[in-house]
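Written below as structure tokens is the structure these notes are about.
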4 protein chains.
Amino acid sequence: MATRGRTGDGAPASPPLRADAARNRAQVLAAAREAFRESGTAAPLDEVARRAGVNIATLYRRFPDRQALIRQVVVDAFTLVLDAARAAADASRADAPSALENFMMTLVHQRDMLVLPLIGGPPISDDEVMELQRGINTALEELLDVARADGTIRADVTGLDLITSAAMVCRPLPYLPVEEATALATRHVRVFLDGLRPAVSRELPPGPTFEDFAAHLRQ
Amino acid sequence: MATRGRTGDGAPASPPLRADAARNRAQVLAAAREAFRESGTAAPLDEVARRAGVNIATLYRRFPDRQALIRQVVVDAFTLVLDAARAAADASRADAPSALENFMMTLVHQRDMLVLPLIGGPPISDDEVMELQRGINTALEELLDVARADGTIRADVTGLDLITSAAMVCRPLPYLPVEEATALATRHVRVFLDGLRPAVSRELPPGPTFEDFAAHLRQ
Amino acid sequence: MATRGRTGDGAPASPPLRADAARNRAQVLAAAREAFRESGTAAPLDEVARRAGVNIATLYRRFPDRQALIRQVVVDAFTLVLDAARAAADASRADAPSALENFMMTLVHQRDMLVLPLIGGPPISDDEVMELQRGINTALEELLDVARADGTIRADVTGLDLITSAAMVCRPLPYLPVEEATALATRHVRVFLDGLRPAVSRELPPGPTFEDFAAHLRQ
Amino acid sequence: MATRGRTGDGAPASPPLRADAARNRAQVLAAAREAFRESGTAAPLDEVARRAGVNIATLYRRFPDRQALIRQVVVDAFTLVLDAARAAADASRADAPSALENFMMTLVHQRDMLVLPLIGGPPISDDEVMELQRGINTALEELLDVARADGTIRADVTGLDLITSAAMVCRPLPYLPVEEATALATRHVRVFLDGLRPAVSRELPPGPTFEDFAAHLRQ
DNA sequence: CATGAATGAGGGTTCATTCAT
DNA sequence: TATGAATGAACCCTCATTCAT
């Protein structure tokens, strides 16, 4: 697991919450994910509190401002992704294509947790988030190294391609019911993976690296 | 061209706008696309008016409420896509894979016009929009028919797969500068197209049809 | 007739309007009466123009501001009342109670024209309106003088009592359909008139005079 | 008393307001009465809040929209009238004409509370309001039954006549100062009551019943 | 700790009014 | 003259945020 303490935030040793407070906190985060997915990160915090079944002031006690709430949703999401990416890297030695497919499908199936990077809104340039993203990239590059050595995945694909593709695939059209959306996403994953087999045709044009990408987040 | 009159709306023969009014209208739509892309469809209309350089009341004169503005942005977007899809269908007889690639890349390059379906927000269940979507699907299925007969594109891919993939590919992470975002999107298109070559491997799992999709929009 | 020129305004000899302009003007006034009756004198002028079937700018050409429009509606109303009051004064010599009843019932039946004084809104302190009101009071006092001499109406009732009672009776509850509202108003007139017969009982307590009343309009 | 709890609303047992909140609520209602009386029910709610000395959002916390505020003003008004009507019905056994006069004068003296039915605006077709109106009518019919049996009031007058007359008399021309307006209203009440004595002259023409009236409110 | 209440500020929308055609 | 268009200002209502209980 990549997380410790509360819900993956790196706050230094805050005393564990009382049981009810922890429950409230989790409900607020779940409600925030729902609301953000439906209406974007500008969704009314009243609404988030209502869905969570707590008073708005309780929400504020846990998350001093909107930014803090967004941040935690993002951290939770990237924490999940990091865990999955590391598992995939570990599994890649046995079977890299399967490991990658499992990684992608894990994200597809958990996509209700993966709200933020997929939605837009102001970028979160936060050290912890950055670190998580970097870890994800590292794990995926590790997987790709194995696969390139294997010859099981085309050589010109990067970790950033995988991350961003996964991000997109996790966000298919929002009004489809969940099973159909999953089916559609699964098909896209499959086509994408088929496209990742060692190229018999044209090489990919150059694209940004993870560092380019990270540079823009830092502003 | 799929459009006639103003900007592709099917309003029954309103007299053409005065030159200055038409200019204002176009500026409002451009500003709305910008704002919606950055902040979602809940973006302040004040802001849209300011970017367009008109008074908020002028915006309201043209678009009686937010919904009407969103709708027009969507209609304009789908009109472009429909034009491109029909061109691709026409070109497919000569070379289907190229026609498809051109279609995808046309969308990638025009993606500043293609705001809405990509953003979320409440679905627009509107007859005209529906008709445009259906037309797009029809054109792409026509292209696929040719390509399947050719044996140049795998048989188990549908028009809906193409539409939704295109939608996702046109919306890469928002904070990348335009050239890098284009490069990344281009790479994704290429991988996707490579994945569309006649499958040497597994067949795709079943997915929703366009009609399934349309049914959900109608509610 | 108490009026000359246009519609009873005392504007000094403006050239007569072109036929269509005159029609527009009359339609605007009729629409204003309707709107004012339903929503008060703060009713949107757009709405008035729409009901009149003219452009808002046309309304403004005729009535430079809301005040001017209200004023004309009031003047038209008081002009009607003045005509009726003078007719009643003339007829009072033959039969004062009947003359008074006819006066009251004339107002009841024309009450769609009698919009303003009955609705509230800021008082119109305008010389012409004042003059009309004074004329009405004078005529009614003349009628009362005859009746008091006759012994057909109680001696302690004043012109102001009649005016204000008439004003109230012309404005019964607004959501009744017109026939029922008229029936109700007629009953009130009858009771009131019966109460006006020479008192066998208590004398009325003192009340304001017309001059008191006028003083407050002048502010 | 016809009321219990807050201010006569039949809301099912909301917990009692905190003391300061209750004070604010009452001030808002008083301010609304003032503003509605002066400018109609379309009066700016900002203005209401300002007069009440509270923030506009506080007003909205208590009354979720304009309609709710209007409704409460009406309910409060009719509650007062109902209390007075029941008292009059009780007192009628001893002396019906005095009971009626007291009823009318009670309304005249409390007319700053009796804002809405007297002003117009959209009819409030609300069950609780309906019930109050029906109760008022019932009480007044009870009084009239006694009086008709007594022979102290003419037989052809109805409860609806009394209600609507009272409504009108409570709304004399708005710009008179309060003492003069009261004096004028008192005179009208007296004339009206004199007209209610057993008719020595003509019978009243037929008019709408309370049920007719109620039917129109229900639409 | 959790809630009800209050508030300031901002965004949505309408309206009165003026201008250009 | 009559109209379409534009605008500034008002008003409605919601929301984020803070305070008192």
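The values are calculated or read from the model by the stated rules, or taken from the named source; none is laboratory data. What you see is a predicted model; the values in this text were computed from it and never measured. We place every Cβ from the backbone using ideal geometry, glycine too, and count neighbours over all the protein chains shown. SASA here: full protein model, heavy atoms, side chains in, ligands and nucleic acids out. Shrake-Rupley method; radii C 1.70, N 1.55, O 1.52, S 1.80 Å.
Please give the average number of partner chain Cβ atoms lying within 10 Å of the Cβ of each residue in D:150-156, rounded to a whole number.
Details: counts 0, 0, 0, 0, 2, 0, 3.
Mean inter-chain Cβ contacts per residue within 10 Å come to 1.
Can you name the residue in chain A whose Cβ lies closest to the A-to-C rotation axis, and give that gap in whole Å?
A:44, 15
At 1.4 Å probe size, with the rest of the protein present, what percent of the exposed accessible area of segment C:19-64 is carbon and sulfur atoms?
C and S fraction of accessible area: 48 percent.
Among A:189, D:178, what's the order by accessible area (1.4 angstrom probe), most exposed first? It would help to have the intermediate numbers written out before the result.
Values: A:189 0, D:178 90 Å².
From most accessible down to least: D:178, A:189.
Specify the inter-centroid distance of segment B:151-186 and segment B:70-106, based on alpha-carbon positions, in whole Å.
For segment B:151-186 versus segment B:70-106, the Cα centre distance is 13 Å.
Rolling a 1.4 angstrom probe over the protein heavy atoms, how many square angstrom per residue are accessible across segment D:70-217? Walk me through the numbers before you get to the answer.
Values: 5300 Å² over 148 residues.
It amounts to 36 Å² per residue over segment D:70-217.
Could you tell me the largest-minus-smallest coordinate of the C-alpha atoms of segment A:37-115 on each of the three principal axes, in descending order and whole angstroms?
Largest to smallest, the principal-axis extents are 51, 21, 19 Å.
With label points built 7 Å along Cα→Cβ from the Cα atoms of residue A:50 and residue B:47, find their separation and express it in nm.
Placing both labels 7 Å along Cα→Cβ, they lie 2.3 nm apart.
So what are segment D:70-217's ellipsoid semi-axes, whole angstrom, largest first, if each one is the square root of 5 times an eigenvalue of the alpha-carbon gyration tensor?
The three semi-axes for segment D:70-217 are 23, 19, 15 Å.
Rounded to whole Å and sorted largest first, list the principal axis extents of the Cα atoms in segment A:19-64.
29, 16, 16
Return one whole number: the accessible area per residue of segment A:19-64 in Å², for a 1.4 Å probe.
Accessible surface, normalised per residue, equals 52 Å².
Between residue D:95 and residue A:178, take the C-beta separation as r, use R0 = 60 Å, and let me know the FRET efficiency to the nearest 0.05.
Plugging the Cβ-Cβ distance into 1/(1 + (r/R0)^6) gives 0.20.
Which order, highest average first, do C:104-111, C:78-85 follow once you tally other Cβ atoms within 10 Å for each residue and take the mean per peptide?
Per-residue mean Cβ counts within 10 Å order the peptides as C:78-85, C:104-111.
Compute the whole-percent fraction of alpha carbon pairs in segment D:128-168 spaced more than 17 Å apart.
On the way: 251 of 820 pairs.
Taking all Cα-Cα pairs of segment D:128-168, the fraction more than 17 Å apart is 31 percent.
Shortest first, in nm, what separates the label point of residue C:126 from those of the same position in the other copies (7 Å along Cα→Cβ)?
Spacings between copies for this position, smallest first, are 3.6, 4.6, 6.5 nm.
Provide the solvent-accessible area of residue A:188, counting protein heavy atoms only and rolling a 1.4 Å probe, rounded to the nearest 10 Å².
That residue has around 10 Å² of solvent-accessible surface.
What does the average come to when, for each residue of peptide A:175-182, you count the partner chain Cβ atoms lying within 10 Å of its Cβ?
4
Provide the buried accessible surface between chains B and A in square angstrom, both chains summed, 1.4 Å probe, rounded to the nearest 100.
4700 Å²
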